[in-house]
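The values are calculated or read from the model by the stated rules, or taken from the named source; none is laboratory data. Treat the numbers as computed from the prediction; the structure is a model and nothing was measured. Every residue, glycine among them, receives a Cβ derived from its backbone with ideal geometry; neighbour counts consider all protein chains shown.
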Amino acid sequence: MPEGWLICAYLSEIRVMNKKEVREISNIKNKRVLVVCDFNISLKDGRIANDTRITEALPTINFLLKNHCRVILVSHLGRPKGRDLRFSLKPVADRLERLAGVKVELINDFLQEHNRQKIKFMPENSLILLENIRFYPEEKANDPHFAQSLSQLADIFINDAFGASHRVHASIVGISRFLPGFAGILLSKEINMLDGALKRPKRPLIIFIGGAKTPEKISVIEKLLDIADTIALGGAIANTFLAAWGYGMGLSLVDYEMVEMARVVFWQATRKHCALLLPTEVVISNSSNLKDKIKIVGYDQVPPNVAIFDIGSGTNRHYRELINTAGTIIWNGPMGYYENPLFQKGTNRLLKDIADSKAFKIIGGGDTLTCLNNKKILAKIDHVSTGGSAMLEFMKNGTLPGIEVLQNK
Ligand code: ADP
Ligand code: 3PG
Ligand code: MG
């Protein structure tokens, strides 16, 4: 039996996309609707670095407003430990107000009685945004009482937070015990695009993974070995794999707890006939700011007192050759510490090469979207996903916990 057939059979077996979408709800008019969004955008000096995750939520929000609904928006931002106003959704509320053309009230604590009353008596056709849902530890703990308190604000809930749907949290999964849930327009678009691309991917399927969320991405890589022809790494996650080969990584960001797991993944890659590629050339510096200290070296020549901050042009050349052979390309995660412009080159070169290729191209991720802001180049990408780890996890399992709990058609 051909290998490709096996992969298709594997994917179609686990894929269940029979969820009812918000536009299919017959009696939506005048409803009180809680919409869970992924407004986890990157902030630079308190300003929004990229608002794609907000603009992508507008179709659902506008649809509900047109139907005279009372719309209560819920989202997380970053990973705060308790109530920390550096992670406030205020910049999101301001941007949303401008984009939606409707006043957006930010409710700082929806558990307080006077705020619950305010939400109860909000006029139809209006928008409320609850302050960062991760200010409450109960959110991540998927606490049922907390989920219930949230559910009491509305008649139904809509999940439009594709990027956070891999989290088993109260606002994503727990709430479904108390309210009927439906897919938002963005969520269903993401599912349809990824589902379509993965059911019968044009081969070779090449997946690029970068970024820094090593623990979650490494377990996804393990599963992706089953469907990808090649997985090529960059960013901090590549450092952990290089460390697993025994190379000194100096002061680079390495997740040492994941080194063992990286070794297992290498071994499995060989067994599953999937190529797992690492950067051959890296950009090092002993400070993330000093230009004159930047050097390009081989992966096996990183001195102990410096760190890797980007992939080198040699790695890009290698990856470009690969890109030129691809049928389908999927990419998540920056190739370097892109917040510093000195270390954006590897990521920008990869973007250009992918955009120029004839393959079917999907790119996704919170930080990935932030560092890829060249609209002209992005227009050449077939699907720009709002999900990073969620997108990879969806590719791995064919569904996500936050999708599973929604109502069927
Ligand atoms: P995404 O949100 O696109 O899924 P991640 O959240 O996994 O991506 O990772 C993005 C972060 O990874 C960025 O803050 C970036 O600076 C960091 N990063 C990537 N490569 C490196 C590196 N070599 N050293 C330090 N940080 C890195
Ligand atoms: C993301 O940016 O990948 C999502 O918003 C999920 O964020 P989290 O990894 O903090 O759950
Ligand atoms: Mg991120």
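Some notes on this structure:
- Top-ranked residue of the stretch 352-388 - restricted to ones that are touching a strand residue (DSSP E or B) at 6+ places or on another chain (Cβ under 6 Å) and among the charged types (D, E, K, R), ranked as nearest to ligand 1 (Cβ to nearest atom): Lys361
- Among residues of the stretch 195-225 being within 16 Å of ligand 3 (Cβ to nearest atom), out of contact with any Leu (no Cβ under 7 Å at 6 or more places or on another chain) and in a helix (DSSP H, G or I), the one that is nearest to Gly388 (Cα to Cα) is Glu216.
- Here Gly235 clears all of (1) at positive phi; (2) free of Cβ contacts under 8 Å to residues at least 60 places away in the same chain except the condition numbered (2).
- Residue in the stretch 57-73 that is of a type in the set (S, T, N, Q), assigned to a loop (DSSP other than H, G, I, E, B) and within 16 Å of ligand 3 (Cβ to nearest atom) present: no
- Enumerated strands (runs of 3 or more DSSP E) restricted to the stretch 280-351, each holding at least 2 residues that are more than 12 Å from ligand 1 (Cβ to nearest atom), among the β-branched types (Val, Ile, Thr) and at pLDDT 95 or above: 295-298, 328-332
- Some residue of the stretch 117-124 being assigned to a loop (DSSP other than H, G, I, E, B), in contact (Cβ under 8 Å) with a residue 24 or more places away in the chain and in contact with a His (Cβ under 7 Å, 6 or more places away or on another chain): yes
- For Ala262, the criteria (1) of a type outside the set (Val, Ile, Thr); (2) surrounded by fewer than 20 Cβ atoms within 10 Å (Cβ to Cβ); (3) under 25 Å from the mean Cα position of the chain (by Cα) hold in every case but one, which is (2).
- Among the candidates Phe157, Phe146, Phe110, residue that is aromatic (Phe, Trp, Tyr) and in a helix (DSSP H, G or I): Phe146
- Test result for Ile48, under 15 Å from the mean Cα position of the chain (by Cα), more than 18 Å from Ile128 (Cβ to Cβ) and hydrophobic (A, V, I, L, M, F, W, C): no
- Positions within the stretch 366-400 being within 16 Å of ligand 2 (Cβ to nearest atom), closer than 21 Å to Lys352 by Cα and acidic (Asp, Glu), in sequence order: Asp367
- Within the stretch 209-219, considering residues that are closer than 16 Å to Ala269 by Cα and surrounded by 24 or more Cβ atoms within 10 Å (Cβ to Cβ), the one farthest from ligand 1 (Cβ to nearest atom): Ile209
- Subset of the stretch 364-376 [closer than 26 Å to Thr325 by Cβ and either touching an Asp or Glu at 6+ places or on another chain (Cβ under 9 Å) or in a loop (DSSP other than H, G, I, E, B) (or both)]: Gly364, Gly365, Cys371, Leu372, Asn374
- Single condition Phe121 does not satisfy, out of (1) crowded, with 18+ Cβ neighbours inside 10 Å; (2) away from ligand 3 (no atom under 16 Å from the Cβ): (1)
- Residue match in the stretch 105-122 (condition: closer than 26 Å to Thr386 by Cβ, under 27 Å from the mean Cα position of the chain (by Cα) and within 16 Å of ligand 2 (Cβ to nearest atom)): no
- Among the conditions (1) free of Cβ contacts under 8 Å to residues at least 40 places away in the same chain; (2) surrounded by 13 or more Cβ atoms within 10 Å (Cβ to Cβ), the only one that Pro341 does not satisfy is (2).
- Per-region count, the stretch 139-162, residues farther than 25 Å from Gly364 by Cβ, surrounded by fewer than 19 Cβ atoms within 10 Å (Cβ to Cβ) and free of Cβ contacts under 8 Å to residues at least 40 places away in the same chain: 7
- Residue match in the stretch 315-323 (condition: touching a residue at least 60 places away in the same chain (Cβ under 8 Å) and on the phi > 0 side of the Ramachandran plot): no
- Hits in the stretch 163-194 - residues which are assigned to a helix (DSSP H, G or I), out of contact with any Phe, Trp or Tyr (no Cβ under 8 Å at 6 or more places or on another chain) and buried (at least 19 other Cβ atoms within 10 Å of the Cβ): Gly163, Ala164, Ser188, Lys189
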